[in-house]
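Below is one structure, written out as structure tokens, with a few remarks after it.
Readers should treat all values here as calculations from the given coordinates under stated rules, not as data from a laboratory. Here the structure is a predicted model, which is why all the values come from computation and not from measurement. Please note: Cβ atoms are built from the backbone with ideal geometry, for glycine as well, and neighbour counts cover all protein chains shown.
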Amino acid sequence: MRQPLVIGNWKMNGSLSLTSELLSKIDKAIDDKIACDIGVCVPFVYIDRANELVKKSAIKVGAQTVSEYSSGAYTGEISAQMLAELGCHWVLVGHSERRTLFNESNAVLIDKVLAAQGADLLPVYCVGETEADYKSGLTVDVIKDQIGALLSDPSIDLNRLVIAYEPVWAIGTGLTASPEEAQKVHAFIRSLIREKNAESAKQLKILYGGSVKPDNASLLFKQQDIDGGLIGGASLDADAFISICQKA
Ligand code: PGA
């Protein structure tokens, strides 16, 4: 039995005051009825404050990207070690906005996964097809390529990562894959992992992301291979985020 997991991705949103407001509301709402793990991936500059605020809570803080390098002359970059020192638990790797807007290739992303694992962070490796891929029936090929990159590196520990399937056309658009469609892709991802390691495939959490809201979360989370969600827009609204956690 995989414990459900819901992670909020604030993207480049928020402020110090919103960080306090959101986290204290979420923290207050967590009770026995919420039997899921909860994470928030906040902008780098709010990580320290966020960790202060959730010290006594079950919420775990993460970052939204990480450098593939451990240290050196990489102006503006943040290493996995630095994130670990701040008390980060997760780090998103390969969110579609990083892949497309910042040209992060599979090869670089695999180095980032390794850097994260090397610092004892849990990478949340994001995959998903664009609208054009989806319309051309290429979803399976894209997923195979993105997951294949992960599986091609034997130093990656498949027991210490989370995968998020986020169809790019569903991110921030209000569109979602149908629960059945999403389930098919999740089952496919799990089958690819199973070919490498059956035990890892069993315990691997695969999150769905892309316009998850309180009203569509239940049906998505009921699917056998959907273990929770990666939530963008709705994670900036405490009530919506709490409701999604309750559904998980
Ligand atoms: P969304 O974003 O929930 O706003 O669609 C999801 C994501 O980008 O992780």
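In summary, the convex hull built on the alpha carbon positions of region 5-247 has an orientation-averaged projected area of 12.3 nm².
Taking each residue as 0.36 nm, the span from residue 222 to residue 196 lengthens on full extension beyond its C-alpha to C-alpha distance by 6.7 nm. Each of 179, 44, 138 was placed along the dipole of the chain (beta-carbon charges, centred on the mean Cα), and the one lying farthest toward the positive end is 179. Beta-bridge orientation, region 5-247: approximately 0 percent antiparallel, per DSSP, counting only bridges with both partners inside.
Put a plus charge on the Cβ of each Lys and Arg, a minus charge on the Cβ of each Asp and Glu, and nothing anywhere else: the dipole of region 5-247 about its Cα centre is then about 400 debye. Each label was represented as a point 7 Å from its Cα along the Cα-to-Cβ direction; for residue 239 and residue 44 these points are 3.5 nm apart. Applying 1/(1 + (r/R0)^6) with R0 = 45 Å to the Cβ-Cβ distance of residue 52 and residue 175 gives a FRET efficiency near 0.75. Comparing mean-square fluctuations of 70, 15, 79 from a GNM of the chain with C-alpha springs under 10 Å, the top value falls on 15.
Once a ≥ b ≥ c are taken as the square roots of the eigenvalues of the Cα gyration tensor of region 52-107, is the result rounded (a/c under 1.5), prolate (a/b larger than b/c) or oblate (a/b not larger than b/c)? Oblate shape, in that a/c is at least 1.5 and b/c is the bigger or equal ratio. Cβ crowding within 10 Å ranks 104, 21 as 21, 104, fewest other Cβ atoms first.
Output the pairs from 56/184; 135/213; 55/205; 25/60; 112/202 with a Cα-Cα distance over 26 Å in this structure; if there are none, say none. It would help to have the intermediate numbers written out before the result.
Numbers: 56/184 38 Å; 135/213 24 Å; 55/205 24 Å; 25/60 15 Å; 112/202 24 Å.
Long pairs (Cα-Cα over 26 Å): 56/184.
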